[in-house]
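One structure is given here, and the rest of the page talks about it.
The values are calculated or read from the model by the stated rules, or taken from the named source; none is laboratory data. The shown structure was predicted, so the numbers you read here are calculated from the model rather than taken from an experiment. Heads up, the Cβs are rebuilt from the backbone with ideal geometry, glycines too, and the neighbour counts pull from every protein chain shown. Note: accessible area is taken over every heavy atom of the protein model, side chains too, but ligands, DNA and RNA are not part of it. Shrake-Rupley method; radii C 1.70, N 1.55, O 1.52, S 1.80 Å.
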Amino acid sequence: MSLNGDALSFPGSITEEDCARLSGPGLKAFRHITSAWGLSANDQVKLLGQPSTSTYYRWLRKQRSGERLVIPQDVLMRISAVLNIHRSLVELFPIKEEALIWLRGKHFGQVFGGRAPLAVLLEDGDSGTDVVVKYLNAWRVQFD
């Protein structure tokens, strides 16, 4: 995953307090978006970089109860990517169902190679996430 450039970026140094401030709201938004995409908990864990299932559920429990939650920076980067993808889909597809069709449909452009963007996200890890984010960002620029 790119830490600079078009895809994803955080300030040069992010503190534990920054992570704590972002973790609860970020995880809540991530869960809401990925649930709307129809992803299982296992797929959500994949998008987060494969933390253990027990860790993921502990994070959810803390988020829901309002306990202090500090998700690692690399996981927050992945959450940021999902938020970026969601924002792009909302801007490009005013009708939610069309966004889901695009996300789940096979695409034969070079970057997708006949796979659905969602498959690229789930199967290719951080590099797949980077591909989808950059693709959508470039597409959005065409409409600015």
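Under the condition of being β-branched (Val, Ile, Thr) and in a loop (DSSP other than H, G, I, E, B), which residue from segment 86-121 is modelled with the lowest pLDDT?
Residue satisfying both the conditions and the ranking: Val111.
For Val132, are the conditions met, namely being of a type outside the set (D, E, K, R), part of a helix (DSSP H, G or I) and under 22 Å from Leu47 (Cα atoms)?
The answer is yes for Val132.
Within segment 79-111, restricting attention to residues that are among the aromatic types (Phe, Trp, Tyr) and without any contact (Cβ under 8 Å) to a residue 12 or more places away in the chain, which residue is farthest from Phe30 (Cα to Cα)?
Only one residue fits best here, namely Phe108.
Among the residues of segment 124-139, is any in contact with a helix residue (DSSP H, G or I) (Cβ under 6 Å, 6 or more places away or on another chain), modelled with pLDDT of 95 or more, closer than 28 Å to Glu17 by Cβ and not hydrophobic (A, V, I, L, M, F, W, C)?
Yes, segment 124-139 contains at least one residue that is in contact with a helix residue (DSSP H, G or I) (Cβ under 6 Å, 6 or more places away or on another chain), modelled with pLDDT of 95 or more, closer than 28 Å to Glu17 by Cβ and not hydrophobic (A, V, I, L, M, F, W, C).
Do any residues in segment 28-52 that are part of a loop (DSSP other than H, G, I, E, B) have Cβ atoms under 7 Å from those of residues that are of a type in the set (Asp, Glu) and exposed (fewer than 15 other Cβ atoms within 10 Å of the Cβ), where the two are at least six apart or on different chains, and which pairs are they?
Within 7 Å, the pairs are Gly49/Asp74.
Only residues in segment 120-135 that are among the acidic types (Asp, Glu) count as the first member; pair them with residues that are open to solvent by less than 40 Å² (accessible area, probe 1.4 Å), Cβ under 6 angstrom, at least 6 apart or cross-chain, and list the lot.
Final answer for the pair search is Asp130/Ser2; Asp130/Ala7.
Would you mind stating whether Lys46 is modelled with pLDDT of 95 or more, basic (Lys, Arg) and within 15 Å of the chain's Cα centre (by Cα)?
Here the answer is yes, as Lys46 does meet what is asked.
Scanning for something under 14 Å from the mean Cα position of the chain (by Cα) and open to solvent by less than 60 Å² (accessible area, probe 1.4 Å), does segment 86-98 turn up at least one residue?
There is at least one residue in segment 86-98 that is under 14 Å from the mean Cα position of the chain (by Cα) and open to solvent by less than 60 Å² (accessible area, probe 1.4 Å).
Matching residues to (1) loosely packed, with under 15 Cβ neighbours inside 10 Å; (2) in contact with a Lys or Arg (Cβ under 8 Å, 6 or more places away or on another chain); (3) within 19 Å of Gly125 (Cα to Cα):
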position: Thr34; (1), (2), (3): no, no, yes
position: Leu47; (1), (2), (3): no, yes, yes
position: Gln50; (1), (2), (3): yes, no, yes
position: Tyr56; (1), (2), (3): no, no, yes
position: Leu60; (1), (2), (3): no, yes, no
position: Arg64; (1), (2), (3): yes, no, no
position: Ile71; (1), (2), (3): no, no, yes
position: Ile79; (1), (2), (3): no, no, yes
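So which of Ile14, Ile79 ends up being assigned to a loop (DSSP other than H, G, I, E, B) and either at negative phi or modelled with pLDDT of 95 or more (or both)?
Ile14
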